[in-house]
Amino acid sequence: MIKFVDFKVVLGEKKIENEIIENEAGWKKGQVELKTGINQRFVSSKSSENLAHEAIKKIKINKWIKNVDLVISVTNTPTILFPNFANYAHSFLNLEEDCKCLGLNSGCTGFVEALELVSFYFNNGSKKALIITYDTYTHFLPNSDYSTRTLFSDGASVTLLEKDNKQWKIKLSKISTAPNTQNNLIMEKKLNTITMKGPSVFAFGIKSVKKDINEIVSNNPNSLCFFHQAGKVMLNDLIKSLPNNAIVPVNYPSYGNLVSTSIPCLMMENYKLINNNKSMIISGFGVGLSSHTLLLTK
């Protein structure tokens with residue numbers, strides 16, 4: 001049902017290497033990589049919407065794009081509260097008037113949620129879709145919050161999708177939301193800063209995310225797995241629990257946590273694997289605290 005046609009990704013223009021944060025925080029050299037596994041992150045001087053605009057400018061304007069009839073935008077960090085960026089993309093790309101434009105206020109689960117919506121609309125008449133992700137978490141992190149600053153990067157992506165009955169179908173959707181955890185990763189408008197309780201977020205990952213993913217992978221052991229790139233601690237623990245024949249690409253050392261752009265960036269770098277496999281698991285987890293995992297098969 002879903003064919004992944006292409007991916008476009010834009011990163012923040014300023015590269016922040018570990019040494020910069022270590023010097024600011026007074027930490028020993030190598031401490032950031034030891035704790036997070038991340039070597040660098042990317043910071044944008046531009047708004048989330050400007051990054052998204054840069055991403056869609058990478059798309060070649062042709063007949064394929066003109067026939068897009070669904071656009072879904074995903075962000076936790078808009079500077080324009082409404083309308084959502086899908087409406088702007090509609091205008092920038094000169095799409096038809098009957099194109100559906102949707103916006104999700106969602107973070108690290110957002111791409112997965114949007115992908116399930118695309119499947120729903122493809123089942124109900126839509127034929128071509130764009131998922132646009134765009135987040136600038138670094139704009140909302142206190143300078144003194146070094147532990148969180150080591151994790152996040154700014155980025156945007158566009159995923160081009162089309163309906164194809166010979167391609168990927170969602171076989172299973174698994175969602176977990178933990179009660180009374182909403183304040184563990186939050187940005188309040190009045191404070192305009194993101195606060196994260198790292199140990200609580202990690203505990204949710206170990207308790208809920210790993211359980212859901214293991215349950216699905218155990219029944220589909222040869223799957224290609226695209227997991228949200230949260231960082232070393234979470235992903236190492238998760239990967240160790242999986243069967244050896246599960247295929248689990250990672251790229252967090254090079255990018256950090258790109259929030260909603262994390263998974264599309266990873267899929268872009270491993271595009272050949274998508275075409276060469278018959279079973280694929282895509283999982284996002286974070287704000288809520290919640291997780292959303294899809295099993296796709298051909």
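The values are calculated or read from the model by the stated rules, or taken from the named source; none is laboratory data. In this text, all values refer to a predicted model and were calculated from it rather than measured experimentally. Backbone-built Cβ (ideal geometry, glycine too); neighbour counts: all protein chains shown. Just the protein is used for accessible areas: all its heavy atoms, side chains included, with ligands, DNA and RNA removed. Shrake-Rupley method; radii C 1.70, N 1.55, O 1.52, S 1.80 Å.
Label points 7 Å out from Cα along the Cβ direction at LYS211 and SER147: separation in nm?
The two pseudo-label positions are separated by 2.4 nm.
Would you grab the residues whose amide H sits under 5 Å from the one on SER279? Only those 5+ places off in sequence or on another chain, please, with H modelled 1.01 Å from N.
Hits under the 5 Å cutoff: LEU224.
Find how much the distance from LYS169 to ASN236 grows on full extension, using 0.36 nm per residue of separation minus their present alpha carbon separation; answer in nm with one decimal.
Here the answer is 21.3 nm.
Based on a Kirkwood Rh over C-alpha pairs, give the Stokes-Einstein translational diffusion coefficient of region 1-109 at 20 °C and viscosity 1.002 mPa s in µm²/s.
Here the translational diffusion coefficient equals 130 µm²/s.
For region 212-290, report the convex hull volume of the alpha-carbon atoms normalised per residue, in Å³, without decimals.
Roughly 89 Å³ of hull volume per residue.
From the P(r) of region 92-245, can you give the percent of Cα pairs sitting at distances over 18 Å?
When every Cα pair of region 92-245 is considered, 68 percent fall beyond 18 Å.
How high is the FRET efficiency between ALA25 and ILE80 when r is their beta carbon distance and R₀ equals 25 Å, given to the nearest 0.05?
0.15
Quick one: which residues, 5 or more positions from SER73 or on another chain, have an amide H under 5 Å from its amide H? H modelled 1.01 Å from N in the peptide plane, none for Pro or chain starts.
ALA86, LEU102, GLY103, LEU104, ILE132
Output the relative contact order of the chain, whole-number percent, from Cα pairs under 8 angstrom with separation of 6+ residues.
The value is 26 percent.
From the gyration tensor of the Cα coordinates in region 99-170, what semi-axes in whole Å does the equivalent ellipsoid have, largest first, with each one equal to sqrt(5λ)?
Square roots of five times the eigenvalues give 32, 11, 10 Å.
Report, largest value first, the span of the C-alpha coordinates of region 40-88 along each principal axis, in whole Å.
Taking max minus min along each principal axis of the Cα atoms, region 40-88 gives 36, 27, 14 Å.
Given the peptides 264-274, 192-202, arrange them by the average over their residues of other C-beta atoms within 10 Å, most packed first.
264-274, 192-202
Please report the orientation-averaged projected area of region 167-298, defined via the convex hull of its C-alpha atoms, in nm². Numbers along the way, then the final one.
Numbers: hull surface 33.1 nm².
If you wrap the Cα atoms of region 167-298 in a convex hull and average its projections, you get 8.3 nm².
Rounded to the nearest whole Å², what accessible area per residue is found for region 166-258 with the 1.4 Å probe?
Working: 4900 Å² over 93 residues.
Accessible surface, normalised per residue, equals 53 Å².
Kindly provide the GluC sites (Glu not before Pro) of region 1-65 that DSSP labels as loop, not H, G, I, E or B, and whose Cβ sees at most 13 other Cβ atoms within 10 Å.
GLU13
For region 55-161, what is the accessible area per residue in Å², given a 1.4 Å probe and the full set of protein chains?
For region 55-161, the per-residue accessible area is 41 Å².
Any idea how many Lys pairs in region 1-84 come in under 21 angstrom at the alpha carbon, given 8 or more places apart or on separate chains?
Final tally of qualifying lysine pairs is 23.
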